[in-house]
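Shown next, in structure tokens, is the structure this report addresses.
No value in this document is a laboratory result; all are computed from the given coordinates. Owing to the predicted nature of the structure, the values given are computational and were not obtained by experimental measurement. Cβ atoms come from the backbone with ideal geometry, glycine included; neighbour counts cover every protein chain shown.
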Amino acid sequence: MAEEKLFAGHAVRRIRRATGLTQAAMAEALQVSPSYLNLIERNQRPLTAAIMLRLADRYDFDPRTLTGAAPGGGAEAIRRRLSDPMFSDLDIDRTTIADWIAGAPEAAEAFARAFDRAGAATGPARDPVSEVRAEIERWRNHFADMDAQAETLADELRLASGDAYGAMAERLRIKHQLSLRILPVDIMPDRLRRLDLHARQLQLSELLDPASRTFAAAFQLSQLEAKAEIDALVAGGEFTDRAGERMFRRHLNGYFAAAVMMPYGRFHRACEATGYDIHILQRRFGAGFEQVAHRLTTLQRIGARGLPFFMLRIDRAGQASKRYAGASGSPLASVDGRCPLWSVHHAFDDAGDIHKQIVELEDGQRWFSLARTVRPQAGMAGDVVAEFSVCLGVEASLAAPLVYARGIDLENGPATPVGLGCRQCLRNDCSQRSQPPAGRVLTFNERERGLSPFSFAAD
């Protein structure tokens, strides 16, 4: 096995401290000397593939998370923070940032936290969306206890009936004294789901397709049967107001509902057997494209991990209404800016078709992405028909198991160079550029005209 080198001392130190080990104890377990482990933790020696395998074997962690857990999110994330105009007079290049993270990872992490907190303090007084997103990412959008509970419920429903929707309706009726009723759109013109406690009915709009009806029934079961677990998770989030609490609770109820429809073990095995073929997964589990895409970002059970996907949902204006970086750690899902060269924007041109693309960021990261449009349930004729582009992505080096990646050279094949929005992108001479990068001095030459309307000084 090739000894590929990786400097990840911060990650090794985090594992050691989490397990309460001394350097000597961990060194003995990894079959290295304490002095060598000390050098690894200080990023003065690489974490070889052999040592990485021993770490994974003894401490049960996913080696793919090493690069995603860098202090402050890694060199690229630190660089984005340093692009703030307040640092424009400082000559801090990529090499300096890399040396800082390697030599003083705790200081880099402290800077990132302080910068982010200051930004939150000077921003809007309350931003429940950002709070909830941060809490979801803290868990990497994987809630193991909820998955286990949902899997048990799904098995009970399968024993009761092969029809998941029918089994859920029956459980609601027998166990919770709630009948399930489909109402015409003229009775529920502006609602898709409503719980009428007076009539003891879960009322669903006839506009909902079969997958959405099943999800709605599972969502109601979550509110009734997963309440204790969800209450604990919400309390642990320590949100500043009720809006954040309710939004996070809604996310967790949706998570549980999807986990009942697509139980972890069966869904994970189906993913591996089909090459993550979303069309087959939709049919096998009676789910929609977006439901499957969301579920794919949650597969991080210890001992049965799926690929670390991120998910993004945007409208035609490029505004993100959903984004989950999950275990991928991808900046493509973590930042607000996006590049128009990325196919997540082009999916609107071919509604329903899957757009495949390899993109490459400035730091050389390559990501394989799939994008397709979805349309939520519409109202009556003449109402606004919403449309979104849903994108799934995974690090290109990990994408080989995907049926969509067959025949594609993931490592060395052509890739579209993209940035994280023009204000964060430092690619010069990009003809698509709409804004100059933040924190860079503009330059002008009256005798020349480049590809981009903005020229700027390099590092």
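Think of region 305-417 as having a plus end and a minus end, set by charges on the Cβ of Lys, Arg, Asp and Glu; of Trp367, Val385, Ala405, Val385 sits farthest toward the positive end of this dipole.
By other beta-carbon atoms within 10 Å, ranking Tyr404, Tyr324 with the fewest at the front produces Tyr404, Tyr324.
Over the residues of the chain, the helix contribution to mean residue ellipticity at 222 nm works out to -13000 deg cm²/dmol, using -39500 (n - 2.57) for each DSSP H run of at least 4. Taking the charge dipole of the chain about its Cα centre, with +1 at Lys and Arg Cβ atoms and -1 at Asp and Glu Cβ atoms, the residue from Ser35, Met146, Thr416 reaching farthest to the positive side is Met146. Cross-link reach is defined here as a Cα-Cα straight distance under 13 Å, omitting same-chain residues fewer than 8 places apart; for Lys322 the aspartates and glutamates meeting it are Glu137, Glu290, Asp336.
When the Cα atoms of the chain are aligned to their principal axes, the ranges along those axes come out at 69, 65, 49 Å in descending order.
Extension gain for Ala232 to Asn428 (0.36 nm times residue separation, less C-alpha to C-alpha distance): 65.7 nm. Using Cβ point charges alone (K and R +1, D and E -1), the dipole size of the chain about the Cα centre works out to roughly 700 debye.
Of the residues Ile278, Ser328, Met311, the one whose Cα sits farthest towards the positive end of the charge dipole of region 277-415 is Ile278 (charges of +1 on Lys and Arg Cβ, -1 on Asp and Glu Cβ, taken about the Cα centre).
Once both labels are positioned 7 Å from their Cα atoms along Cα-to-Cβ, the gap between Thr152 and Gln377 label points is 3.0 nm.
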